[in-house]
Amino acid sequence: MEQQHLRDFNSTGFQIDLVNWFLENQRDLPWRESKDAYRVWVSEIMLQQTRVETVIPYYQAFMREFPTAEALAEAEEDRILKAWEGLGYYSRVRNLQTAVREVVEKYNGVVPDTREEISTLKGVGPYTAGAILSIAYGKPEPAVDGNVMRVLSRIFIIEEDIAKPATRKIFEKILYELVSKENPSAFNQGLMELGALICTPTSPGCLLCPVREHCRANQKGVQAELPIKSKKKKQTSKQMAAVVVRNEKNEVLIEKRPETGLLARLWQVPNIETNIGDNQEEILSKMMLEDFDVSIKVGGQIQQVEHVFSHLIWNINVYEAVVTGKASAETATRKWVKTSEIEQYAFQSHIRRLSNSLS
């Protein structure tokens, strides 16, 4: 059954114009050097909620360290967290490793090439599945991300709210029919590239658009009004205090975060949530004695750090302190670390920004 959006639409012309433009104008990106499904998969996970420019050096370093599915499957978690340090959304790489291990064990290291099988892997949603299947295996599968929804909402004047999960289904149904059967890899990447470079959220570059003649929003002059997207809830803000504690050997105390929750199992310096107006030095001293069995003398504040999540902002005042009594023994989740060894541990990015204070 033909999609109503595709009625009287020149699908073949759109496919040809988009694919030809992409093949001539695509950016030179490291993950485009290979159609290997594992490499495509890693790049797509890294690119979730992260800018291309940020991902490039991470991807290159990650591929050097874990060039195959087997290499990633066998790696210790601390190594993969360290390689991911600074990219954020760390559950992505944990899920990736879990899924890659399943691929190695169940599929002999070969990433599945059907949507049914690949969608069972942890962390592989509809978009990632479609991207891998089309780019690595040349299958005419839809890959709908924010860029694609923005482009298609303008091409077809789709006025449903793209922030709602149900709206994605509309675009997937369109793409099942619209995607190029001859070159689905270039077609899907072309849609993403078009959204990234030309059909941008604000001030779309319509004069440079290779599919302008197919765009209904451009013809009606309403491209700037699309897509329709409801605003996210405002981020909440939390006040935090953190402390860089040194012992007589000039070692720094670090601890591992809990097994679950935000930034799970990453390393950090001791910290605590506070209220505006609290005496943070006093609160830190009490926390270190009660929770860590360490007596400290808190010095001045050395830094203020903001750590932004999608739904939350941590405003962290960082203090330095020295041990004044007996320092507690190490455990599996607490260590006294030489400053020269700090780099070996995977920290939250805002703690990594304290590197001058830790060294």
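The values are calculated or read from the model by the stated rules, or taken from the named source; none is laboratory data. All figures in this text were calculated on a predicted structure; none of them were measured in a lab. Note that we place each Cβ from the backbone using ideal geometry, even for glycine, and neighbour counts take in every protein chain shown.
Taking the stretch 26-40 as the range and being without any contact (Cβ under 8 Å) to a residue 40 or more places away in the chain and assigned to a loop (DSSP other than H, G, I, E, B) as the test, the residues that pass are Asp28, Leu29, Glu33, Ser34.
The set of residues in the stretch 195-217 being surrounded by fewer than 20 Cβ atoms within 10 Å (Cβ to Cβ) and either closer than 17 Å to Phe9 by Cα or touching an Asp or Glu at 6+ places or on another chain (Cβ under 7 Å) (or both) consists of Pro210, Arg212, Glu213, His214, Arg216. Scanning the stretch 303-312 for residues that are out of contact with any Gly (no Cβ under 9 Å at 6 or more places or on another chain) and either among the small types (Gly, Ala, Ser) or surrounded by fewer than 16 Cβ atoms within 10 Å (Cβ to Cβ) (or both) gives Gln304, Glu306, Val308, Ser310, His311, Leu312. Annotation: of all residues in the stretch 10-51 being at pLDDT 95 or above and β-branched (Val, Ile, Thr), the one that is nearest to Leu197 (Cα to Cα) is Val19. Against the conditions (1) crowded, with 19+ Cβ neighbours inside 10 Å; (2) among the aliphatic types (A, V, I, L, M); (3) modelled with pLDDT under 85, Leu262 satisfies every one except (1). Close contacts from the stretch 80-99, counting a first residue that is basic (Lys, Arg) and a second that is assigned to a helix (DSSP H, G or I), with Cβ to Cβ under 7 Å and a gap of 6+ residues or different chains, come to Arg92/Ile45.
Filtering Leu194, Leu207, Leu121 for residues that are under 22 Å from the mean Cα position of the chain (by Cα) and free of Cβ contacts under 8 Å to residues at least 24 places away in the same chain leaves a single hit, Leu121. Of all residues in the stretch 60-114, those satisfying the criterion of being hydroxyl-bearing (Ser, Thr, Tyr) and over 21 Å from Arg32 (Cβ atoms) are Tyr89, Tyr90, Ser91, Thr98, Tyr107, Thr114. Scanning the stretch 151-163 for residues that are buried (at least 24 other Cβ atoms within 10 Å of the Cβ) and either within 23 Å of the chain's Cα centre (by Cα) or of a type in the set (Val, Ile, Thr) (or both) yields Val151, Ile155. For the stretch 162-181, the set of residues classified as outside any helix (DSSP H, G or I) and among the hydroxyl-bearing types (Ser, Thr, Tyr) consists of Ser180 only.
Output the qualifying pairs, or none if there are none: Cβ atoms under 6 angstrom, residues six or more apart or on different chains, first residue in the stretch 330-355 and hydroxyl-bearing (Ser, Thr, Tyr), second residue assigned to a loop (DSSP other than H, G, I, E, B) and modelled with pLDDT under 80. Listed by first residue and then by second, the contacts come to Thr339/Ser359.
Quick test of your reading of the structure: Arg265 fulfils all but one of (1) under 30 Å from the mean Cα position of the chain (by Cα); (2) assigned to a strand (DSSP E or B); (3) touching a residue at least 60 places away in the same chain (Cβ under 8 Å). Name the failing condition by number. Failing condition for Arg265: (2). Looking for something hydrophobic (A, V, I, L, M, F, W, C) and not assigned by TED's automatic domain parsing to the domain that holds Val52 - is there at least one such residue anywhere in the stretch 200-210? No, the stretch 200-210 contains no residue that is hydrophobic (A, V, I, L, M, F, W, C) and not assigned by TED's automatic domain parsing to the domain that holds Val52. Listed by position, the strands (runs of 3 or more DSSP E) inside the stretch 296-338 whose residues that are modelled with pLDDT under 85 and assigned by TED's automatic domain parsing to the domain that holds Ile276 number at least 2 are 296-308.
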